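Written below as structure tokens is the structure these notes are about.
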Amino acid sequence: MTLLLAIVERQERFDAAPLAGGVLALAGVAILSGSALPSPLPLLSLLAALGSALCFAQAAVLVRFLPPVHAVTMNAVGMSAGAIALIVAALLVGETRALPSAADTWNAVLYLATFGSIGVFLLYLYVLRRWDASRAAYSFVLIPVVTVILSAWLDEEPIGKGFLLGGSFVLVGVYVGALRSRRAPAGTG
């Protein structure tokens with residue numbers, strides 16, 4: 001999605017390698033997801049995931065158009081807007097609003113709020129300022145691979161054939177689409 005938006009918005013030129021890499025990585029994520037799910041996803045959940053991916057893709061392209069803003073400021077504004085939207089949504093649907101009582105839950109929230117959200121966002125912006133948006137977007141398809149590896153290590157969860165096949169597709173897709181050196185346009189070298 002990021003590649004297609006970057007091309008439509010004239011930020012990047014079409015190149016077959018990133019498209020091929022994206023298709024391979026997407027196939028790998030589908031294999032990973034399909035092997036982990038016991039039943040099919042509801043259509044609304046799938047549409048919500050696609051909408052989220054579209055928003056991330058557009059945000060990556062938009063950030064490269066904007067003048068440089070300090071990453072901490074950008075994160076503070078985005079996290080505040082997101083928190084307000086989530087609170088309003090919770091109020092509208094009648095969700096219970098209770099703070100966790102377990103120390104492990106607070107530790108998990110602390111980790112997610114610092115390293116898992118702010119830290120990862122700052123690193124992503126760092127990469128996004130130095131790479132094309134379509135290349136930086138490949139970091140998102142690596143997340144399921146890293147998650148399964150960490151689960152196998154920390155929780156001793158088994159690694160199945162679906163992970164090996166899907167993970168291989170993802171890694172090859174990332175190499176082809178983002179890491180492999182691209183040919184210089186004709187007449188520049």
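Read-outs throughout are calculated quantities, based only on the coordinates presented, and are distinct from any laboratory measurement. Note that the structure is predicted; figures quoted are calculated from it, not measured. Quick reminder, even Gly has a Cβ in these numbers, built from the backbone with ideal geometry, and neighbours come from all protein chains shown.
Which ordering of 180, 135 is given by a fewest-first count of other beta-carbon atoms within 10 Å? List each step's numbers first, then the result.
Details: 180 12, 135 23.
The most exposed by this proxy come first: 180, 135.
Against the chain, whose longest principal axis comes from its Cα atoms, helix 161-174 is set at around 50 degrees. Around the Cα centre of segment 11-140, unit charges on the Cβ atoms of Lys, Arg, Asp and Glu (plus for the first two, minus for the last two) sum to a dipole of about 260 debye.
Using C-alpha pairs below 8 Å separated by at least 6 residues, the relative contact order for the chain is 49 percent.
The length gained on full extension between residue 4 and residue 120, counted as 0.36 nm times the residue separation minus their Cα-Cα distance, comes to 39.4 nm.
Counting only alpha carbon atoms, the long axis of helix 43-65 and the longest principal axis of the chain meet at about 60°. Size descriptors for the chain (Cα atoms only): Rg and Dmax, in that order, 18.8, 64 Å. Remark: 80, 117, 139 ranked as 80, 117, 139, counting other beta-carbon atoms within 10 Å and listing the fewest first. Which one of 80, 149, 177 has its Cα pushed farthest toward the positive end of the charge dipole of the chain, where Lys and Arg give +1 and Asp and Glu give -1 at the Cβ? Going by the Cα projections, it comes out as 177.
For the chain, set up a Gaussian network in which alpha carbons nearer than 10 Å are linked by springs, and say which option among 100, 144, 18 fluctuates the most. So, out of 100, 144, 18, the one fluctuating most is 100. Here each label is just a point 7 Å from Cα along the line to Cβ, and for residue 87 and residue 56 those points are 2.6 nm apart.
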